[in-house]
Amino acid sequence: MATPSPPSSKEFLPEPVTPHRPSRKVVVAATPTTRNENGVQQWGFGSKLANDRYERYSQEAERYILGPMPVEDFLDFLPEAPTKRPNARNAFIDVPERAEKEKDIYTPLIAALNAELNGRKRCPGFVFLDTSSRGTNHGKPGSVKPDVVCYSTEIVDSVDTNKTTDEPIGDLSFADLYIEVKGRPEQDCFTDPSPNSDRAAHKFVLNITGERKLEQARHDLGQNIAYAVDAFARQYRTRYFSVSLSGTLARLIRWDRGGVMVSESFDLRKRPEALCEFLWRYAHASGAKRGYDCTVECATKEEEALFEESITRHVKLQLDLEDMAQLVGKQKKAAEKELAAGVDEHFERGTVAAITVVDQNSRRRRLLVSRPVVSPLTLASRATRGYWAVAADEERGRVVFLKDTWRYTADGIRKEGDILAELQDAEVPQTPQLVHHGDVPEQCPISDGTDIEGKLREQTAFQCTFTPRYQDAKWVCKNGKAKIPVFAQVHYRLVLGTVGYGLQRFKGTRELLSGTYDAYQAMLGAFYMDDQTKSRLHRDISLSNIILVMDPMTRIRRGYLIDWELSCLINNTGGTRDYRRTGTFQFISQRMLRYENVAHTIQDDMESILWVVLYCSLLWLDHDLPVKKLVTTMSTIFDQCNSFEDGETTAGDGKVSNQVSRLYTSKIHFSNPKIQEWLNAVMNFNSSYVFNWPLNATFFKAWEDPRTLDRYWKAFLGDNELLTADRISRVLPLKQAPRNDPGRATPHPATRTMSTLPIHDFTMPRMSALQLGSIRSGVKRKAEGIPSDAGLPELKRSFVSGFSGFNAGPVTRGAAARAQAQSFAPNGLVARARARRMLSNVESSSSSMQRQHAGAASSSRRAGSTQTLERGAHFKQSFGAGGARTRK
């Protein structure tokens with residue numbers, strides 16, 4: 001019988017009687033892991049160690065695991081095989097019901113799985129190996145080593161082995177499926193309900209008594225999830241299968257980006273046919289049915305050479321190394337080293353894959369990729385994977401950015417490509433160039449529009465998550481909830497012509513402030529669109545979503561604001577129509593963190609960009625704060641999260657405390673006085689607005705009208721000689737260093753969730769809003785008559801990640817009053833005086849224009865739009881009367 005292996009893109013037939021088995025030479029088995037990561041752990045300072053990650057995984061998983069599914073129903077995920085399987089009687093009779101050592105379970109299990117019966121194997125074309133002794137990245141955070149891994153016999157030779165024992169390493173880059181083994185039945189993380197119990201009330205996941213047993217079960221569940229996460233990150237997969245074994249009690253598990261489905265438990269000794277039938281079907285299924293993405297195949301040698309050449313050329317451009325041939329000595333060696341490292345970020349020899357991207361008009365493009373820029377290191381999420389890609393057909397050799405993600409399909413959530421098309425039509429500055437986009441088909445169309453049998457075919461089926469389809473099934477246990485909140489998703493690819501480096505790669509103060517200012521222009525452009533019905537807010541201003549791209553003409557890197565998929569249209573009060581909390585946890589405004597069901601405003605995005613600049617300044621510019629205090633300070637400001645006795649969770653106390661009194665930043669002195677001046681001024685603008693301090697009306701208005709901050713920022717860049725190469729390399733403790741610090745070694749898997757701040761380490765009595773401080777809400781409640789995305793009533797799992805941190809304590813009215821004077825006393829007097837003079841000039845020059853054009857200003861929200869700026873003693877520029885807070 002032919003040997004199964006991961007598929008090539010030629011594998012189109014959904015249920016072939018004799019599946020096409022391509023040679024391993026044309027198979028893409030794995031993708032190299034990224035040098036960077038995405039998600040809340042990317043920029044957070046929480047522990048990155050394996051046990052802490054397992055804890056996070058297990059807490060998240062309770063929200064997206066469905067079970068227990070009847071075994072007969074689970075088997076339907078795979079088609080029936082064309083031939084009858086070998087007899088399963090006594091197949092696992094040698095496996096003990098329980099064992100103190102797990103090895104005593106999986107040694108006889110592996111022997112049974114690999115055994116032949118009358119010349120036929122139970123899973124033909126595959127081999128099961130003991131991989132428990134050593135995993136990938138051994139000894140480092142993220143090391144994974146499943147007990148038993150199933151490999152295709154065509155690929156098993158590619159698996160690395162232990163140099164000492166010659167035993168195979170648990171490499172999930174090539175694993176078709178894995179089996180996780182525990183020695184005793186009571187170690188099962190799942191609990192099936194009794195036959196007559198109420199499944200709606202039953203707790204299926206981690207229904208375990210005893211604190212120590214529960215803690216161990218959480219660890220075991222998180223570890224199992226980590227294996228699946230790593231397999232997804234290292235392979236091109238739409239879904240994945242595994243087996244969980246506790247003694248001889250087995251469960252079949254199906255993983256996808258929407259969640260997890262777990263079968264009822266069955267005893268291997270009493271019901272061996274269940275596992276035997278699953279493995280027999282699996283061996284005969286097509287690659288697509290086994291979970292491989294059939295739009296991906298291995299690139300040719302010529303394409304790999306094209307990829308390396310094109311990426312090298314683009315790295316030279318982006319790192320300003322095009323003239324390196326003229327260098328000599330140490331300078332040349334340093335440039336060559338920088339170039340090699342830059343290419344290595346995107347290219348690993350032997351791993352170049354060709355991805356077929358189909359746009360909305362069913363046109364097919366072939367893109368080459370290797371090492372991703374970011375990897376999807378959590379399970380149930382959008383699972384975004386980004387690449388520097390090279391066109392292999394049209395515009396051959398052009399470098400583009402490929403965003404591969406699983407988009408949500410609920411009403412009100414648009415494709416990012418459609419949003420970018422609108423922004424481009426409106427000529428919004430500093431937004432990425434859209435090349436093409438589209439959902440990923442289950443089967444790739446041939447260029448002439450026919451399938452492999454020559455028959456015309458309509459392209460209607462797309463790769464999507466299956467888990468949400470079963471959330472209302474009768475067998476689902478809901479633990480007293482109305483339903484398990486899992487959401488439909490579709491695999492989606494977006495190709496952009498704007499390709500650069502993340503903001504964290506800025507070289508100095510000039511590039512940091514000019515790059516973020518460019519992103520601010522994109523924010524304003526989208527907010528003040530001529531067609532007010534299309535005006536929108538980004539809602540995820542973060543360090544990950546600002547990139548620096550070299551302009552080949554000026555040789556200056558410009559900032560671009562990317563990732564518009566969670567942006568939202570605004571209503572007539574200037575707030576978003578969608579009230580769900582969104583964003584990257586560390587950079588969300590304190591108001592959005594502390595309050596639920598409030599509309600996101602332009603001021604929230606403005607505050608987010610302030611947090612981005614502060615974060616970068618603290619981490620990568622020179623100042624006098626020791627490293628240990630720096631980690632504590634940044635954890636308090638950016639990671640802090642509280643949970644309350646009633647189950648609700650809030651965050652942002654660290655940000656509030658710093659807004660009120662500069663509690664954490666007032667004692668930090670930067671070597672560069674200009675970044676200190678900018679931070680002091682903009683933090684004052686923000687604080688005056690947030691707390692509505694009447695003594696600082698000028699500062700208040702600087703934040704009320706986003707165009708006033710724009711003018712201040714532009715003047716600051718024009719009036720000051722800012723350093724271009726003052727970035728420093730700061731070494732932080734490995735377990736707490738941000739994942740995307742360019743100075744770190746290759747990172748390992750860490751979690752990213754889409755949940756609404758669910759994780760906490762402590763509880764505290766519920767505080768009232770009065771105790772939390774008199775904080776300006778920023779916008780009115782949602783205007784009557786504005787739809788609230790009725791199609792998304794269950795989308796309580798917000799697009800935001802959070803985890804526990806430090807509690808900065810309550811902010812009282814008294815504390816706010818005392819801090820009011822403190823925040824404007826000695827620290828930064830010169831900066832504040834200069835900012836006050838600049839803004840006073842803005843008010844003065846604009847007041848007369850407001851009197852002259854009061855009628856126009858009241859009839860149009862753009863009457864106070866920005867005119868030509870002249871730097872110097874005065875801003876000779878108009879100033880909107882109503883600001884951005886009253887949109888008509």
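Every read-out reported here was derived from the displayed coordinates using simple, explicitly stated rules and does not represent laboratory data. The structure presented is a predicted model; accordingly, all values stated were derived computationally and were not measured. Here Cβ is always computed from backbone atoms with ideal geometry, including for glycine, and neighbour counts include all displayed protein chains.
Bridgeable aspartates and glutamates around K330 (alpha carbons under 19 Å apart, same-chain partners fewer than 8 residues away excluded): D320, E322, E338. For a straight C-alpha distance cut-off of 16 angstrom, the aspartates and glutamates reachable from K714 (same-chain residues fewer than eight places away being disregarded) are E511, D518, E677, D705, E870.
Straight Cα distances below 16 angstrom link K628 to the aspartates and glutamates D639, with same-chain residues fewer than 8 positions distant left out. Across the stretch 50-290, the mean sequence separation of Cα contacts (distance under 8 Å, 6 or more residues apart), normalised by length, yields a relative contact order of 29 percent.
Using the Cβ-Cβ distance between A426 and N87 with R0 = 41 Å, the FRET efficiency computed as 1/(1 + (r/R0)^6) comes to roughly 0.05.
When the square roots of the Cα gyration tensor eigenvalues are ordered a ≥ b ≥ c, the ratio a/c for the stretch 50-290 is under 1.5, which makes its shape rounded. Note on the stretch 50-290: with charges restricted to the Cβ of Lys and Arg (+1) and Asp and Glu (-1), its dipole about the Cα centre is near 260 debye.
The length gained by stretching the chain between A111 and A410 to full extension, at 0.36 nm per residue less their Cα-Cα distance, is 103.0 nm. Loop-located trypsin sites (Lys or Arg not before Pro) in the stretch 327-364 (DSSP state not H, G, I, E or B) with no more than 12 neighbouring Cβ atoms inside 10 Å: R349.
Each label was represented as a point 7 Å from its Cα along the Cα-to-Cβ direction; for D551 and K270 these points are 7.4 nm apart.
Taking 24 Å as the limit for the C-alpha separation, the pairs K337/K403; K415/K474; K103/K213 exceed it in the case of K337/K403; K415/K474. Placing +1 on the Cβ of every Lys and Arg and -1 on the Cβ of every Asp and Glu, with no other charges, gives the stretch 503-736 a dipole of roughly 560 debye about its Cα centre.
Pick out, in residue order, every one of the chymotrypsin sites (Phe, Trp or Tyr not before Pro) in the stretch 68-129 that is DSSP loop and has at most 14 other C-beta atoms within 10 Å; say none if there are none.
Answer in residue order: no site qualifies.
Relative contact order of the stretch 503-736: 22 percent, from C-alpha pairs under 8 Å at least 6 residues apart in sequence. Measuring between their Cα centroids, the stretch 612-631 and the stretch 504-577 lie 24 Å from each other.
From the Cα gyration tensor of the stretch 503-736, with a ≥ b ≥ c the square roots of its eigenvalues, which class applies: rounded if a/c is under 1.5, or else prolate if a/b is larger than b/c, or else oblate? Taking the square roots of the gyration eigenvalues as a ≥ b ≥ c, the stretch 503-736 is rounded. Per residue, the average separation of C-alpha pairs within less than 8 Å and at least 6 apart gives the stretch 77-139 a relative contact order of 25 percent. Beyond 29 Å in Cα-Cα separation lie the following of the pairs K84/K270; K121/K203; K101/K478; K182/K270: K121/K203; K101/K478.
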